[in-house]
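The values are calculated or read from the model by the stated rules, or taken from the named source; none is laboratory data. Since the structure is predicted, the reported quantities are computational estimates derived from the model, not experimental observations. Backbone-built Cβ (ideal geometry, glycine too); neighbour counts: all protein chains shown.
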């Protein structure tokens, strides 16, 4: 594709602005290292560690079996993002524009808003987790345990940390994608270093016998009704669901990558490889807390606080904060900013969308301790993933099976009746029907009594079901279009 193909001279103002416009190859600066750091920061975030540690203790499986399930999930996610990233690398478009091909130029507002709502929810939760690292830092520097009157489960220091993190993230977002990229590139490697130091410290205190006990230390500590195989599948499914929000809008940052090869290398190193290394570290640390402290600790900030080393506490708090903030901006702040801008491009820029995102997410994070966390982390992840899953299946099935990997870039920004992606008043009703049916099934598999065995599969089943329904509903229309072209 040549450079001039990325220009959209006849774009409808209601569908186009500088943030949504196709990005020409000459303006793309990301290589494999930037993609690797996107995934590394996602995995290394405080929520990511807490989820991994929780999986080790919740299913009654051998520790090594849980580790294998987590790594398998990494390979699955790698394959999924290759599918959503490829069209954005080819055409330089973000997720809301890509969704127009399957949902219609107006109907794309629907998946963009669903994805935006989920991302805003994630953004608020990850902001809270990042604030726990800052709170630990403040308590260490002030030599205070923060034990004061609480509001919504947070002390005065906790609230101060939360507000500081909220302000910092907005300030970094305003500086632009290049600043966020630099932030990720130093935060990812540094967090690995700190986690390795933390692992060595815990291992040293636990003693040399810890290594031999890693496989069995969690066995029997939890139960899963479906048995070991179902528990293993649930671990895999939950980890896939954890990445679901990033998987569907992966094009929002794949569009910055120089070429597809760089994307593939970054995905491999950042997902199965990085996830394997990080999970081994999490396995050792989580098991070590059982031996050293007599209880299982799943939040790294709680573990660091118990070690009683001021230098390690300060360094760890800063790096955990950096990793969580980095992925929060890339995965949960920039996407809804684009999604909100897509609603009214002529009036709302991505920057304005970011401010709206931050305002809503502030309240979500503030209510995490008092209310939202009572759902349980696994159920929380599975539910959000179940909502997004059918959208992923629809977009992928449309691009690869219906469109055969060919898009009309100009038509993605056209609202003229009869344009390829105009459908019915700008909406593809078939895609909406496919989403409605598939999402009811995938969410029900998480919460309906009697379907508990499917909860870990909610994301994969929802994506498959949504894609299959869309292909079946669109197949006749695609054949009609092909026949019409053949008679011309």
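Structure values in brief
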{"quantity": "Residue 381 in contact with a strand residue (DSSP E or B) (Cβ under 9 Å, 6 or more places away or on another chain), surrounded by 16 or more Cβ atoms within 10 Å (Cβ to Cβ) and at pLDDT below 80", "calculated": "no"}
{"quantity": "Qualifying residue in region 24-35 (condition: touching a helix residue (DSSP H, G or I) at 6+ places or on another chain (Cβ under 9 Å), part of a helix (DSSP H, G or I), modelled with pLDDT of 80 or more and surrounded by 21 or more Cβ atoms within 10 Å (Cβ to Cβ))", "calculated": "yes"}
{"quantity": "Qualifying residue in region 148-158 (condition: touching a residue at least 12 places away in the same chain (Cβ under 8 Å), part of a helix (DSSP H, G or I) and surrounded by 14 or more Cβ atoms within 10 Å (Cβ to Cβ))", "calculated": "yes"}
{"quantity": "Filtered residues of region 307-318 (kept if in contact with a helix residue (DSSP H, G or I) (Cβ under 7 Å, 6 or more places away or on another chain) and surrounded by fewer than 24 Cβ atoms within 10 Å (Cβ to Cβ))", "calculated": "307, 310, 312, 313, 314, 315, 318"}
{"quantity": "Residue ranges of helices (runs of 4 or more DSSP H) in region 194-249 with at least 2 members at pLDDT 80 or above and surrounded by fewer than 24 Cβ atoms within 10 Å (Cβ to Cβ)", "calculated": "228-242"}
{"quantity": "Condition check for residue 276: surrounded by fewer than 20 Cβ atoms within 10 Å (Cβ to Cβ), touching a residue at least 40 places away in the same chain (Cβ under 8 Å) and touching a helix residue (DSSP H, G or I) at 6+ places or on another chain (Cβ under 9 Å)", "calculated": "yes"}
{"quantity": "Odd one out for residue 132, checked against (1) surrounded by fewer than 21 Cβ atoms within 10 Å (Cβ to Cβ); (2) assigned to a helix (DSSP H, G or I); (3) modelled with pLDDT under 90", "calculated": "(1)"}
{"quantity": "Residues of region 436-449 satisfying the condition of being modelled with pLDDT under 90 and under 23 Å from the mean Cα position of the chain (by Cα)", "calculated": "436, 439, 440, 441, 442, 443, 444, 445, 446, 447"}
{"quantity": "Qualifying positions in region 290-305 - surrounded by 15 or more Cβ atoms within 10 Å (Cβ to Cβ) and either assigned to a loop (DSSP other than H, G, I, E, B) or free of Cβ contacts under 8 Å to residues at least 24 places away in the same chain (or both)", "calculated": "293, 296, 297, 298, 299, 302"}
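One line per residue, one yes/no per condition, for (1) outside any loop (DSSP other than H, G, I, E, B); (2) modelled with pLDDT of 90 or more:
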residue: 49; (1), (2): yes, no
residue: 61; (1), (2): no, no
residue: 80; (1), (2): yes, yes
residue: 83; (1), (2): yes, yes
